[in-house]
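Nothing in this text is a laboratory measurement; each read-out follows from the coordinates by a stated rule. Please read all numbers here as calculations on a predicted model, not as lab measurements. Methodologically, a virtual Cβ is constructed for each residue, glycine included, from the backbone with ideal geometry; neighbour enumeration extends over all protein chains shown.
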């Protein structure tokens, strides 16, 4: 097996583990954090919003942002966040209404009310 294939298998296993956290948040990345600890580390964003900041920027790796959004946003299902990459330089915009987080834009595409891309109907709204 080539090193590239080995790396691909490790990456697939990692994604399966972290996007499985919504059903079992006690699972840990080997020698790393659990599915409870990772979102809690990112919840400082919520604290900044609650403190009165109008806009808060969170910078991290694409998978880490997707995992946090899967744990906190209510309008996009976990499998959708798992299936669609967000580049490490990509942008996801989430808004908090005082009760819940909603993803409004991901990778430059505006999301519709139910989390579908783009806002509205037509062939652009189909799943990839």
With each label point set 7 Å from Cα along the Cα-Cβ vector, what nm distance links residue 33 and residue 10? 2.0
Averaging sequence separations of C-alpha pairs under 8 Å and six or more residues apart, then dividing by the length of the chain, give the relative contact order as a whole percent. 15
Can you pull the one-decimal nm distance between simple spin-label points at residue 2 and residue 105, each 7 Å off the Cα toward Cβ? 3.8
Counting alpha carbon pairs within less than 8 Å and at least 6 residues apart, what relative contact order, in whole percent, applies to region 1-71? 26
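Nearest 5 is fine: what % of DSSP beta bridges in region 1-121 come out antiparallel, could you say?
Details: 8 of 9 bridges.
Within region 1-121, antiparallel bridges account for around 90 percent of the total.
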Using helices alone, what [θ] at 222 nm do you get for the chain, with -39,500 (n - 2.57) per DSSP H run of 4 or more residues, divided over all residues and rounded to the nearest 500? -10000 deg cm²/dmol
Once the Cβ-Cβ distance between residue 84 and residue 41 is put in as r, and R0 is 22 Å, what FRET efficiency do you end up with, to the nearest 0.05? 0.45
